[in-house]
Each structure stands twice: as C-alpha cells, then as structure tokens.
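Please read the structure below before turning to the comments.
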Amino acid sequence: MRLTRTLGCTAAIGALALATACGGSSSTSSGNGTFTPPKLTAQKTLGKGEGQVNLIAWAGYAEDGSNDKSVDWVHPFEKQTGCKVNTKTAGTSDEMVSLMKTGQYDAVSASGDASLRLIASGDAAPVNTGLVPNYKDIFSSLKTQKWNSVNGVAYGIPHGRGANLLMYRTDKVSPAPTSWSAVFDKAAAYKGHVTAYDSAIYIADAALYLSKSKPSLGIKDPYALDQKQFDAAVALLKAQNADISEYWSDYLKEISAFKSGDSVIGTTWQVIANLAESEKAKVSAILPTEGATGWSDTWMISAKAKHPNCAYQWMNWIVSPKVNAQVAEWFGEAPANSKSCALTSDKSFCSTYHAADEPYWKKVHFWTTPIQQCLDGRTNVKCVPYVKWVQAWTSIKG
C-alpha cells in the first residue's frame, strides 16, 4: 500500500513555468490561462500487442502478488493480453517526470502535480479514449479536467482520487473543529501538537483557507496565486510553523504521533484515519467547511511509447470495474470507475471514501501544477510557478 506522495521540483522553470520544470519544451502560452502543448496526435487504432509494457507506477497500483498473494491484477492481465508487465515503482512525482523523459517507459500513473509537466514537455501524448472501452464508465467529474487535459483534449485515463482531510484527537480537541482555522488562525491553542503535510503543494491548503477567510485577496484557485496572494499564503504558513510538531510524509509516523498525543490535529488522508482508528487511536477526520485539496491520478501514455498497444490495453484493464475496485481497496482511495463500487469486497467502502458523492468532490481542489499562466483564467497578472513554491517551502520550514 502506497501512503506517501512526495511532490516538488527543484529544477529551473522557464517562461512557461512548467514545461522546463525538469526538461525543455516547445510549448507556448495560449493566452487563456492554460498553454499550447507540443503538437502530438493520439493513436487512431489499436493494433496487436507488442508482448510487453513498461510502466512507472506508484506503489500499490500494479500489484502482482509479490506483496500479498491474494492481491494480483498483473498476472491476469498478462494471461488475457499476452503483454508482460514490467513495473518501475516511483516514490515521487519528480522521479516519474524524469523517468518518462528517458523514453524507456510506455505509461505512467501521474498525479496532478506531474501531469501538466508531462503534457507541456511533450513527454505525454494525447489519448484516444475511444480505444479504452471502460472510459465510458469513469465518473464524468474526473474526465477532461485541468490536470489531465488541455483545451478539451484528454491526456490520460483517470485512475482514482482522494482528499486531504483534517484529523484530530477527539479527546484532546474540543469543540470538534469544522474549519481549517483550527490549524491556521487558531493553531496556537494546540501549540507544538499541530501537524501538516510535508510538501510545497501544502501552500495550496493555506491558499484555500485564505480564499474563504480573507476574500479580499481574490483567490479563486489555490493553484493560481499572483505574488500578493502567494505571499499571504506563505506568511500564514510561516506563522503556523511556530505551532507545528512535525511535517509528515510517512503515514506510520503520523499514526504513531496521533496515538501518542504528540500530534492532536492536522492534515491526513481517509485511509490513514481508518488505520489510526483500527489501532485504537481516538481520532476523527472531516472535510472542513472551506473544502480541501486532494489528488486525482491519471494513467498517461508516453509520446515515445515502444509498446503503445499493450499500454492502451493496460489502461483499459486497470480502470475496468473489478480491477479498479481491487486497486482502490488495496491502496485506499475512491475508484474512478462508477461500476467499481458494486464490486468492492467491503460493501461500505465507496460510502467511506465518498466515491460517488459528487457534492463532496466539488469541495475538493485536486493537485495541479502551478504555472505562470494563471489557471483561473486571469491574463492581467502572472502567477507564481511551482519552482517558487518549492523555494518558499524551504523558508517556511526554516
């Protein structure tokens, strides 16, 4: 089970502010708050499988029975298609981006902070969703979104999603929180016992809170921040730092901290909250009134794929109802296929993870790579690119 998502890119970013974020590109601004990626076309027809497929995946996304004999959706795929699966497990989005640039891999399970980089750099090709029969059953709210498409052109097949929640110790935090103010403006009440996700993308969490608590800043999208908005988010996080016990990226450490009381309130994921409760920690996790940030992963095909037909077959397989249900339960996230919920072994799973709860997901702002062309559509200002977020995160943590 993969329970870490380490983000960040320390390479220099050029004018587009994402295309050169770990590689060059001929992309240009489209003037509409997005960009024009390199001219690539989607595969038109599905041919005979090439005998193998090389994947880059998060741990838990391409299980072959080696971790748990009962958890294996690779060998059935190989038997059905004749495509041998070779998987490179990546620990960070930056690693995925770098590996895709080698041209040695056919597909990748990219998170939203990496997907736009891969599109802009020309490393990911548009996908022909007509070659993925199971695409029709993907929740519509996951299709052609700003983190997996450009100007309505799909660049991947949605895999699953999750929200970054607020978890607290029910015996130490009273009254029960309903707002992110508990870890920002009111964090001093729990000084030395507040925890936060250790990633530059966490700046978006502060921006989301400010969009509600300080509407005069005009924040419409937590990933589209002009300099004034960005500075306000950074200032909020620097103030929060005085109350932080630790920034977490290891789920085991977070569970341990909540069990011991070293941490009593902070960000988490539903699966972590479930595990903490199963270990008798007195915790509860909520989606605060302001909403939350979150992730949505997308299977993307390499523009240099040597085994594109097997890659398309894999994408169709991994989002098929039964397999997508298995992946979601093993990993701990909401499945992308709307038919998967009827096939989970835990019949309450999709309810717990809000899989079909669209009003819930409308409150979740999925990770998206910040670029200079403001993603909220503004053209009269430049937004702060992700490389600046990474630099600021270092100063926030001190």
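If a residue has to be part of a helix (DSSP H, G or I) and closer than 29 Å to GLY82 by Cβ to count, how many in the range 317-341 make the cut?
14
Which members of the range 155-189 meet the condition of being more than 18 Å from GLU277 (Cβ to Cβ), touching a residue at least 40 places away in the same chain (Cβ under 8 Å) and either among the polar types (S, T, N, Q) or in contact with a Lys or Arg (Cβ under 8 Å, 6 or more places away or on another chain) (or both)?
Once the filter is applied, which keeps residues that are more than 18 Å from GLU277 (Cβ to Cβ), touching a residue at least 40 places away in the same chain (Cβ under 8 Å) and either among the polar types (S, T, N, Q) or in contact with a Lys or Arg (Cβ under 8 Å, 6 or more places away or on another chain) (or both), the range 155-189 yields PRO158, THR178, SER179.
Any residue in the range 59-75 that is more than 13 Å from ILE318 (Cα to Cα) sitting within a Cβ distance under 7 Å of a residue that is not in a loop (DSSP other than H, G, I, E, B)? List the pairs, counting only those 6 or more apart or interchain.
ALA59/THR89; GLY65/ASP72; GLY65/HIS75; VAL71/TRP330
Which of the residues spanning the range 86-126 are among the charged types (D, E, K, R), surrounded by 24 or more Cβ atoms within 10 Å (Cβ to Cβ) and out of contact with any strand residue (DSSP E or B) (no Cβ under 7 Å at 6 or more places or on another chain)?
ASP113, ARG117
Suppose we keep only residues that are at pLDDT below 95 and surrounded by 22 or more Cβ atoms within 10 Å (Cβ to Cβ) within the range 181-201. Which one would you say is farthest from SER395 (Cα to Cα)?
ILE201
Only helices (runs of 4 or more DSSP H) wholly contained in the range 194-311 count here; list those with 1 or more residues that are closer than 17 Å to LYS172 by Cβ.
Because the criterion is at least 1 residues that are closer than 17 Å to LYS172 by Cβ, the helices (runs of 4 or more DSSP H) in the range 194-311 that meet it are 251-260, 270-278.
Among the residues of the range 351-393, count how many are assigned by TED's automatic domain parsing to the domain that holds ARG117, assigned to a helix (DSSP H, G or I) and of a type outside the set (Phe, Trp, Tyr).
Total meeting the criteria: 4.
Which is under 23 Å from ASP123 (Cα atoms) and either modelled with pLDDT of 95 or more or β-branched (Val, Ile, Thr) (or both), of LYS322, LYS306?
LYS306
Taking THR344 and the conditions (1) closer than 17 Å to GLY160 by Cα; (2) under 21 Å from the mean Cα position of the chain (by Cα); (3) without any contact (Cβ under 8 Å) to a residue 40 or more places away in the chain, which numbered condition does it fall short on, given that it satisfies the others?
Just one mismatch for THR344, condition (2).
Which of (1) free of Cβ contacts under 8 Å to residues at least 60 places away in the same chain; (2) surrounded by fewer than 20 Cβ atoms within 10 Å (Cβ to Cβ); (3) under 20 Å from the mean Cα position of the chain (by Cα) is the odd one out, the single condition LYS322 does not satisfy?
(3)
The values are calculated or read from the model by the stated rules, or taken from the named source; none is laboratory data. The model shown is predicted, which means the values in this text are computed figures rather than measured ones. A quick note on method: Cβ atoms are made from the backbone with ideal geometry, for glycine too, and the neighbour counts reach across all protein chains shown.
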